[in-house]
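Structure first, commentary second.
The values are calculated or read from the model by the stated rules, or taken from the named source; none is laboratory data. These numbers were taken from a predicted model, which means no experiment stands behind them. Positions of Cβ are backbone-derived with ideal geometry, glycine not excepted, and every protein chain shown enters the neighbour counts. With ligands, DNA and RNA removed, areas are computed over all heavy atoms of the protein, side chains included. Shrake-Rupley method; radii C 1.70, N 1.55, O 1.52, S 1.80 Å.
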Amino acid sequence: QVQLAESGGGLVQAGDSLRLSCEVSRRTLSGYVMGWFRQAPGKEHEFVAAISWRGGSTSYVDSVKGRFTISRENAMYLQMNSLKPEDTAVYYCAADLSMATMRLRRAEFWGQGTQVTVSS
């Protein structure tokens, strides 16, 4: 019923940059935290970053701090700089009422994912 749609993934070389986008269909998720998870083949999904409803607070996993930036405009974005092969994964947009819940790798709504592949 509520659809989150990711875009912007692709195949890049180490050190390159990508910007992921997430758009919400049907209705605005007023009051919701939005963020990003990622999942590599054979691994559990991992919390990457989240941003509060008004954009005043952000949270990042340690491995992406200083390289990734999450933002909210008309859509929600993840700017990824200095990409590393370890960043290779399917990236999922997600939304929840609680940032604490998202840091525990849970969310109410999920997108279908966009593939990011970083070659050495």
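Worth a mention:
- The dipole here belongs to the chain: it is taken about the Cα centre, uses +1 on the Cβ of Lys and Arg and -1 on the Cβ of Asp and Glu, and is about 220 debye.
- Max mean-square fluctuation residue, GNM over the chain, Cα-Cα springs under 10 Å, options R67, R19, R103: R67
- Region 1-81 - Debye-derived log10 I(q)/I(0), Cα point model, q = 0.14, 0.21, 0.25 Å⁻¹: -0.49, -1.09, -1.40
- Loop GluC sites (Glu not before Pro), region 26-120 (other Cβ atoms within 10 Å of the site Cβ: 10 or fewer; DSSP): E44, E73
- Hz values of 3J(HN,Hα) by residue in region 29-46 - Karplus curve (6.51, -1.76, 1.60), Gly and Pro given as x: 8, 4, x, 8, 6, 10, x, 10, 10, 9, 9, 8, x, x, 10, 6, 5, 10
- Förster-model FRET efficiency, 22 Å R0, R67 and T101, C-beta, rounded to 0.05: 0.35
- Choice from V90, V61, V33 showing the highest fluctuation, given a GNM over the chain with Cα pairs closer than 10 Å: V61
- Summed over the residues of region 50-117 and divided among them, the accessible surface reaches 53 Å² per residue at a probe radius of 1.4 Å.
- Dipole axis of the chain (+1 Lys, Arg; -1 Asp, Glu on Cβ), positive-most option in L78, S119, V12: L78
- Mean separation of Cα pairs under 8 Å and 6 or more residues apart, divided by the residue count, gives the chain a relative contact order of 36 percent.
- Applied to region 104-111, the Karplus parametrisation 6.51 cos²θ - 1.76 cosθ + 1.60 on θ = phi - 60° returns per-residue 3J(HN,Hα) values of 8, 6, 10, 7, 6, 10, 9, x Hz, with x for Gly and Pro.
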